[in-house]
Amino acid sequence: MIYGQYEYMIIDPDKLVVLPQVRKIKNAKIDEIVDSIEDRGLINPLDVAKLSYEELKNHIKFLNQLWKKNTNIDDFKPIGDFYYVVIAGHTRLEAIKKISKQKKRKVEVAVKIHKVKTSEEILAIQLDENIYSEPKLEERAIAIIETYRLGIINGKWHDKKEFIKQNQNRFSRRVLSDALVFADLPIEIQEYVFSRNIPFAVGVELGRIYPLIKKYEADHVESNTALEQSIKIHYATLLMELQRVKNISAKRALSKISCHAKYLNDHFRPKEELQQEMFEWFKDGAKRQEEIHLKILKDDYNKALRALNSMPFEYFVQLLNLDSNCTGFDHSVDIQYVKILYHQYIREYLTNQNFKLRKK
């Protein structure tokens, strides 16, 4: 047997298929990679899968279901009868495209073609790539989550325990467990973490308290629609609180999550007689209970929203965009208003600085 023998191909990078799943992870070293490629060339070729129309269509269908996307195969153009889909090397490809744009000239890139046809085979390569390299925690989590979900669909394993047991030789139980509890978060929150807005470790802890948040919200609402909305608003409010301590330390954020979990657990402890009477009053009218709880929840949310005035402008906008995804609330007017205030502050600041310089 010969190891490391692959088919290679030279291709226009713009003709490669890059599937827009959840890969929004920022790479702070992109400029270093650009310099490295310009100085020493591309040391490791990009890894691609050569897929037929039906094979790519099936893979896109799986990713759309998993990440709630609406990617359409017609958005991509084949080369001959096949599509060349990037499996690994997304950052290298981004760097090459950046070089091409900077130099204002067309470039070509060498790719290594893997003989894979299914989502399961593609994800296996991505997982192996995570074993041999030192990937970002977020990238490793994406590969693990995708592999777990596909295995559930195909009946390869039936629950998280079985998945961890079958894959613990690839990764530690802790790594697998962290990825799976993170997978419980609403997709909007996962994407917010993948974009490096908060540390992955904080995202994992947010995932750990998901069952507790769900149980808490289910105790206050009746319909599934209201439950889903309540969970997202709950997370949006908590994230805005966490964002306020973002620049202090991840430790403070984790401490805040721990305190919040204690608060939720306290809710399920035995109540005093008066509290029990109040609970029975709520229980008598499920709809009234649902409406009152959502009002209280939104009041807490608005209080957290007002507290964001002390945050840097870019964090404020990021959180409002996340909140729109989670709650459906339109914050375009809020963002425009904040922009006006921000530019007004900058003008006043510069005016004051010029006045001080003239006095000197």
Query raised in the report: Among the GluC sites (Glu not before Pro) within region 1-96, which fall in a DSSP loop and have no more than 15 other Cβ atoms within 10 Å of their own Cβ?
Result: none
Query raised in the report: For region 120-183, what's the radius of gyration and Dmax over Cα atoms, in angstrom?
Result: 10.6, 30
Report task. Binning at 5 Å from 0, report for region 161-232 what percent of all alpha-carbon pair distances ends up in each bin. Result -> 3, 16, 21, 19, 18, 13, 7, 3, 0
Query - Förster radius 22 Å - calculated FRET efficiency between Tyr315 and Ala250, Cβ distance, rounded to 0.05 - result: 0.90
Requested in this report: Once you have all Cα-Cα distances for region 58-104, histogram them in 10 Å bins from zero and send the whole-percent values.
Outcome: 21, 37, 35, 7
Query raised in the report: Of Lys15/Lys115; Lys61/Lys165; Lys160/Lys295, which pairs sit farther than 30 Å apart, going by alpha carbon to alpha carbon?
Result: Lys160/Lys295
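Readers should treat all values here as calculations from the given coordinates under stated rules, not as data from a laboratory. Since we're looking at a predicted model, the values are computed, not measured. Because the Cβ atoms are built from the backbone with ideal geometry, glycine has one as well, and the counts that use them run over all protein chains shown.
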